[in-house]
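Peer 1: Dropping the structure in here first, questions after.
The values are calculated or read from the model by the stated rules, or taken from the named source; none is laboratory data. Since the model is a prediction, treat every value here as computed from it, not as a measurement. Note that each Cβ is placed from the backbone with ideal geometry, even for glycine, and that neighbours are counted across all protein chains shown. Accessible surface is based on the protein model in full, side chains and every heavy atom, while ligands, DNA and RNA are left aside. Shrake-Rupley method; radii C 1.70, N 1.55, O 1.52, S 1.80 Å.
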Amino acid sequence: MNLRRCARSMGLTSNPLRRRLDKVVATLVLGLVLFAIFGVPVVAVVVGETSYNAASRAAAAAAATRHPVNATVLKPPIADAVGTAPDVKPQHYSAEVRWTGADGTPHFATAAVAPSADVGSAVQLWVDTSDRLSAPPLSERQIRGAATMSAFGALVSGEVLCIVLVTCVRAVGEALASRSWGREWEVVGPKWTRRQQF
């Protein structure tokens, strides 16, 4: 299909039967299609970069206020949630652990551990400046994964939105055009019918 036929199919060429409304609808549809092709990917990249930068700053702030400690497992690990089905295995285990704070004070808590952790073995935990258990800062891999998911979500959402808008614009345009044709036929129809009778 050459450019002229493509333009004609989108309603961008001159035609005595084509109304101003048809040209407006065609222009809006073309704009939405171009935005879906070029604009949405750019927006998705910007969303991904923004998400990456925000997560990186949050990870850096977390790393500045948290630090790892070596804790000792005091009791055997227990499954946090036992599946109701016999073939479903629990995914998370926790056990009572002990570690020494920066001031030499011993601390006790229940923390997530590997199911194979033995009593007396050492596990690495993250604590804040008050020696309370805390989540570790996000790794570079986690940050990139979250940014990628954000960008992909923005891409899919943008494309779906463009499809919905194109569908709505065309539906509204067709409804308005049909109403306009109906009003004009109310005027022309009787004259045309009378002429055909002669």
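Peer 1: Evaluate the following for ASP87: is it more than 35 Å from the chain's Cα centre (by Cα) and either part of a loop (DSSP other than H, G, I, E, B) or at pLDDT 90 or above (or both)? Give the steps one after another, and end with the answer.
Peer 2: Details: more than 35 Å from the chain's Cα centre (by Cα): no; either part of a loop (DSSP other than H, G, I, E, B) or at pLDDT 90 or above (or both): yes.
Taking the combined requirement at face value, the residue does not satisfy it.
Peer 1: Among the residues of segment 65-82, is any within 30 Å of VAL97 (Cα to Cα), in a helix (DSSP H, G or I), modelled with pLDDT of 70 or more and open to solvent by less than 90 Å² (accessible area, probe 1.4 Å)? Can you show your working first?
Peer 2: Going through segment 65-82, the residues within 30 Å of VAL97 (Cα to Cα) turn out to be 65-82.
Next, from what is left, pick out any that are in a helix (DSSP H, G or I): 65.
After this cut, where a residue has to be modelled with pLDDT of 70 or more as well, the list is 65.
Checking which are open to solvent by less than 90 Å² (accessible area, probe 1.4 Å) leaves us with 65.
Scanning segment 65-82 turns up at least one residue that is within 30 Å of VAL97 (Cα to Cα), in a helix (DSSP H, G or I), modelled with pLDDT of 70 or more and open to solvent by less than 90 Å² (accessible area, probe 1.4 Å).
Peer 1: Return yes or no: is ALA60 touching a residue at least 60 places away in the same chain (Cβ under 8 Å), within 29 Å of SER157 (Cβ to Cβ) and touching a helix residue (DSSP H, G or I) at 6+ places or on another chain (Cβ under 9 Å)?
Peer 2: no
Peer 1: I need the full set of residues from segment 127-181 which are surrounded by fewer than 14 Cβ atoms within 10 Å (Cβ to Cβ), in contact with a helix residue (DSSP H, G or I) (Cβ under 7 Å, 6 or more places away or on another chain) and within 30 Å of THR110 (Cβ to Cβ), in order please.
Peer 2: ASP128, THR129
Peer 1: Of all residues in segment 105-119, which are of a type in the set (A, V, I, L, M, F, W, C) and either in contact with a Cys (Cβ under 9 Å, 6 or more places away or on another chain) or in a loop (DSSP other than H, G, I, E, B) (or both)? Steps first, please.
Peer 2: The first filter runs over segment 105-119 and keeps only residues of a type in the set (A, V, I, L, M, F, W, C), leaving 108-109, 111-114, 117, 119.
Matches in segment 105-119: ALA114, ALA117, VAL119.
Peer 1: So is SER157 modelled with pLDDT of 90 or more and either within 29 Å of the chain's Cα centre (by Cα) or part of a loop (DSSP other than H, G, I, E, B) (or both) or not?
Peer 2: Working: modelled with pLDDT of 90 or more: yes; either within 29 Å of the chain's Cα centre (by Cα) or part of a loop (DSSP other than H, G, I, E, B) (or both): yes.
When the stated conditions are applied, SER157 passes them.
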